[in-house]
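Worksheet: the structure to be examined is printed underneath.
The values are calculated or read from the model by the stated rules, or taken from the named source; none is laboratory data. None of the values given here were measured: they were computed from a predicted structure. Please note: Cβ atoms are built from the backbone with ideal geometry, for glycine as well, and neighbour counts cover all protein chains shown. Accessible surface is based on the protein model in full, side chains and every heavy atom, while ligands, DNA and RNA are left aside. Shrake-Rupley method; radii C 1.70, N 1.55, O 1.52, S 1.80 Å.
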Amino acid sequence: MAVLDHCGESELRVRVPTEGFARVFVRFPIAGTDFLPFNAVVDGGFATFQERDGIAMNDADRTLIDSALSAFPTLIRHAVESGWQDAYKLANLAVPTRPLSGEAESGELQWWQSAVLQTATKTATNPLVQTEKGLLPVLANGETPFASFPVPAIDANATYGLDYDSLYSLIGAIKAFNLPKRSIAESWGDIARQWDQVGVPIERIGLEELTEWLKECGDSVDDLPIDEDRFPWLARLFLLAANLDDQNVRGMVNGLLPDQNGVFRNTVSEYLYGDGGISSEVKDIAASLGEDLRSKLLHEIMAQALKAPGYDKANKLTRDMLDSSDGDDGEYTEARVIDTILEQLGERLPDDNQFNEDSDISVLNASARLVVHLADNDEVHKLRQCPLLTAGGGIVHLSGSQQILAPVTYWPKSAQPYDELYAKRRMLSDRYCDHGTLAKALNSLISAGLVIEAPLFEGRRAEINDINLLREMASSHENNAGISVRNGTFGQIAFLATDLVQRCGQDRETAKLLLDFVLNVAVREDQSWRQERSFSANRSGEQISLTLNGALWPFELKVRSWIPVQAPDADGIAPMPANESNLRGIMDSSWLRGNRDAVDLLHEVFGFRQLTLMLDSFGAEIEDDLVDLLQDPDLVKAAANNPDAVRFASDLTSVHITLESVQEFVNDAQEDEGLLDLLADRRERRIRVRENQSLGASVEDLVSENLAASGFSVRRTGIGSDFEIAAEIGDVANLEVTKDRESWLVEVKATRDQRVRMTDTQAKTAVTEGKRFLLCVVPVDPQNSSPHTEEVRADMRFVEGIGERVEDLCDDLGDFEEIRADITTQTDAGVQLEITPGPARVRVARSVWEEDGFSLDELAARLLSQ
């Protein structure tokens, strides 16, 4: 029976018997039965001892107690359903600690074990526990929810040692567990512990059971079925564990530290570090290289939660679990990560390696992203370790103070035609001009000073201490020995002294291209060469002020040896400093027309005579007018005294030559004996050239007519040869030569003086085409300015296999081009390499075409019969 009292007019409350109150009655209480672990009393016809201090616990007594215990489940359920306060306390059931009969060997305690287990099991199946989901049983019954009970200890069987409220709130946040309401939870926990000791399979949860259950939920934080923010919840779990001060705790919570992907890590078998301030961008860069850095780092929110006030022990426990083998207190710093990324980039994109589009593009993008990040964070010293893609498709790592040029398409339009000045590995790929990461990297590299924006730029020179260079740049040509100018800003041409000088010294075409760039771009777009500036200099430890020209490039070109020159008595080519003589050898006079800047530079820096520069700048037509002017004393006087009286003033103006410059020229010409003869001679040469060109064109037309009349189809080519001929098929004007149709190339040479010369291109075409190339020589009477068709047909001679004769000379042509000297080399093949002022030519001896040549009729017989 239950002991009840009223807690209101109609409400009943279970009263737990006080200490010493008997639990067995036989009409009256039986003394010594207060130790029985029930909160109800049993009244029946038990066989009592004479002293009424116990019962015999014979078969009859046991039957009565069985009967009473069998009513317990119904009683407790009724009490709970009837709303009796503290009704759940009736569920307090356990095995007595000693036998009621007092006989230890009677087997009574074993009987109690069985009886209580049976009663408790039946009771546990009833919905008795008040939870947030209502009344729930203690034992599971199919899909019906059941109650769970927190145990404030390291495990469910250990001595209590944890704060109950902390454990209760942790477990209460888990959706899968149904805890008794907090007001009754600890009392129910005591009941559950007794039932557990009897053998009822109750779910009791200590720290170990909780952590094992969590590990079985899944591999990540997202798998935890928790109703609140998971990271602070985990921090509370670690705090609870740390407060136990038990050496086994670390093993329990291991596997519950989340990385930055939210995945739980076992720090015994896996590395896990603290995040020492690594940016998201660096983590993303590492990920693009296949390095999942986030999987090695403790989750940021978890780490932040562990730094909350009062979490010191939990934070220490976590830090002790992180890897600290590198002596960095378990933290992975951004500097360390960047060093690792740079090492990977160096291994996957090594210096001088050829770029592979398929396998390397992601690595190149990673390098570009790192460039931007380093530049944004002022870590320029590490930028040089980032691999870059060059214009030649190779990989380069900048070393020391090395720089590289921006992509060609990034240059100003005026500079882009001169990209052949530079080796491909000295320029970035045009990929860096695309939108996206590579373009951002280019801007960062330029800002950091590693990339030069264009060939012509204004920039800082670390040091100038070259005596010759300083002397040329200084306004007063005093002794500059021991002077050093550091970190001065000058107009410059990229890599002029380090690269271009060497490249030009070995290749005439490159030297010519550089001069072209200087006279047509640099001199116009960089006016710093017309300025003087004051620079701070050091002379033997003393700071001085030095006035220098604002540009470096004109004077580097003057003092360096960069123009390849072939001396008559020397083998090969040697670079020489620039002067008027060798500069003219690679200069096109047309560059000076309308280009006053170029004229001034050549005069002021390289010492060209203004008179001859002006002559070069006028052009052939104006020069002819000047010859007429200088031959007429009246006109000379008029031009000298009154430029407006010059009869060709309008023509001069049309080519941007001012009347003042004409007047200056006329005045200088009067003082220069022999200039008029020079101009007249040049005009005569131009007249002869024009006449020869006219004769050559006329002869070519006559040769074409004769070839067509002999049964050949003729098509003009004009590149290394004049015509392509074949056996006539269909429309001559639409001649199409295919692989299955044989054709020949014809180069026509008309000669009045029996000399025949072939250009570099013609000679090389002859070598390449072999027997397919035919040289057609047409001797013309010097007195005959208009030969007829019949005359040409009778005199023309065709030479086959000329390529074999000139092959040995072709390799020399490029070396000797534009050399201003008279050199002739003879071979046994009847050809000569003729070098005179102007482009080199191959001269074909008269004997070759007179003795070895054949007529048009012979040609037709030889070719059309095949």
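Distance between the pseudo-spin-label points of Arg460 and Lys133 (7 Å out from Cα toward the beta carbon): 7.2 nm. Database remark: amide H of Leu12 closer than 5 angstrom to the amide H of Cys7, Gln85 (H placed geometrically; neighbours at sequence offset of 5 or more, or on other chains; Pro and chain starts carry no H).
Remark: the Asp376-Glu81 segment gains 99.1 nm on full extension, using 0.36 nm per residue and subtracting the alpha carbon distance.
In whole angstrom, the range 468-610 maps to an equivalent ellipsoid with semi-axes of 28, 19, 13, each derived as √(5λ) from the alpha carbon gyration tensor and ordered largest first.
How large is Rg/Rh for the range 1-120, to two decimals, with Cα atoms and a Kirkwood Rh?
On the way: Rg = 14.6 Å, Rh = 14.9 Å.
Computed over Cα atoms, the ratio is 0.98.
Applied to the range 792-808, the Karplus parametrisation 6.51 cos²θ - 1.76 cosθ + 1.60 on θ = phi - 60° returns per-residue 3J(HN,Hα) values of 5, 5, 6, 9, 5, 10, 10, 10, 9, x, 5, x, 5, 6, 9, 4, 5 Hz, with x for Gly and Pro.
Between Ser166 and Ser590, what length in nm is gained on full extension when 0.36 nm per residue of separation is reduced by their alpha carbon distance?
143.3 nm
Each eigenvalue of the Cα gyration tensor of the range 291-448, multiplied by 5 and square-rooted, gives one semi-axis; in descending order these are 41, 15, 13 Å. Label point of Ser279 set 7 angstrom out along Cα-Cβ; within the range 334-363, amide nitrogens under 17 Å from it belong to 334-342.
What whole-number value in Å² describes the accessible area per residue of the range 516-577 for a 1.4 Å probe? Before the final figure, lay out the partial values.
Working: 2800 Å² over 62 residues.
Spelled out: the 1.4 Å probe surface of the range 516-577, per residue, equals 45 Å².
What translational diffusion coefficient, to the nearest whole µm²/s, does the range 397-536 have by Stokes-Einstein, given a Kirkwood radius computed over alpha-carbon pairs, a temperature of 20 °C and 1.002 mPa s viscosity? Rounded to a whole number, D works out at 129 µm²/s. Applied to the range 70-87, the Karplus parametrisation 6.51 cos²θ - 1.76 cosθ + 1.60 on θ = phi - 60° returns per-residue 3J(HN,Hα) values of 5, 7, 4, x, 5, 4, 5, 5, 4, 5, 5, 5, 7, x, 5, 5, 6, 4 Hz, with x for Gly and Pro.
Can you figure out the FRET efficiency of Phe854 with Asp808, using R₀ = 22 Å and their beta-carbon distance, to the nearest 0.05?
0.35
Taking only protein heavy atoms into account and a 1.4 Å probe, give the accessible area per residue of the range 92-143 in Å². Intermediate values should be presented prior to the final figure.
On the way: 2630 Å² over 52 residues.
Spelled out: the 1.4 Å probe surface of the range 92-143, per residue, equals 51 Å².
Here the Debye sum runs over all C-alpha atoms of the range 264-374 as equal scatterers in vacuum, and log10 of I(q)/I(0) at q = 0.11, 0.15 Å⁻¹ comes out as -0.43, -0.71.
Cα-Cα over 31 Å: which of Lys296/Lys382; Lys316/Lys440; Lys558/Lys749; Lys181/Lys296; Lys382/Lys424; Lys512/Lys764?
Numbers: Lys296/Lys382 24 Å; Lys316/Lys440 42 Å; Lys558/Lys749 42 Å; Lys181/Lys296 41 Å; Lys382/Lys424 24 Å; Lys512/Lys764 22 Å.
Correct reply: Lys316/Lys440; Lys558/Lys749; Lys181/Lys296.
Considering only Cα atoms, the convex hull volume of the range 233-304 works out to 89 Å³ per residue.
Every Cα-Cα pair of the range 81-121 was included, and the share exceeding 13 Å stands at 59 percent.
Under 5 Å between amide hydrogens, built in the peptide plane, is the criterion, and for Phe535 it picks out Leu546, Thr547, Leu548 among residues at least 5 positions away or on other chains.
Using a probe of 1.4 angstrom and keeping all protein chains present, the accessible surface of the range 149-217 works out to 40 square angstrom per residue.
Share of the range 394-466's accessible area from carbon and sulfur, percent, 1.4 Å?
Numbers: 1540 of 3320 Å².
Ligands and nucleic acids excluded, carbon and sulfur reach 46 percent.
Mean separation of Cα pairs under 8 Å and 6 or more residues apart, divided by the residue count, gives the range 152-208 a relative contact order of 46 percent. Take the Cα of Glu742, step 7 Å toward its Cβ, do the same at Glu684, and the gap between the two points is 4.9 nm.
Relative contact order (percent) for the range 43-146, with alpha-carbon contacts under 8 angstrom and 6 or more residues of separation? Before the final figure, lay out each step's value.
Values: 107 pairs, mean separation 22.2, N = 104.
For the range 43-146, the relative contact order is 21 percent.
Residue by residue, the range 162-175 carries 3J(HN,Hα) couplings of 10, 6, 5, 4, 4, 5, 4, 5, 5, 5, x, 7, 8, 4 Hz when phi is fed to the Karplus relation 6.51 cos²θ - 1.76 cosθ + 1.60 (θ = phi - 60°); x denotes Gly or Pro. Could you give me D for the range 355-413, from Stokes-Einstein at 4 °C and 1.567 mPa s, where the hydrodynamic radius is the Kirkwood radius over C-alpha pairs? Units µm² s⁻¹, please. Approximately 103 µm²/s, per Stokes-Einstein. In a fully extended conformation the segment linking Arg15 and Glu186 would gain 59.8 nm over its present Cα-Cα distance, using 0.36 nm per residue. Between Asp312 and Gln110, the FRET efficiency from the beta-carbon distance, with R0 = 51 Å, is close to 0.50.
Between the amide H of Val756 and those of Val844, distances stay under 5 Å, these residues lying 5 or more places away or on another chain, with hydrogens modeled in the peptide plane. Relative to the compact-globule estimate of 2.2 N^0.38 Å, the Cα radius of gyration of the range 39-102 comes out at 1.29. Computed from label points 7 Å out along Cα-Cβ, the spacing between Ser70 and Ser561 is 12.4 nm.
Taking the three principal axes of the alpha carbon atoms in the range 134-195, the coordinate ranges are 34, 25, 20 Å, sorted in descending order. Cα-Cα pairs above 16 Å in the range 63-151: how many percent? Considering the range 63-151, 59 percent of its Cα-Cα pairs are separated by more than 16 Å.
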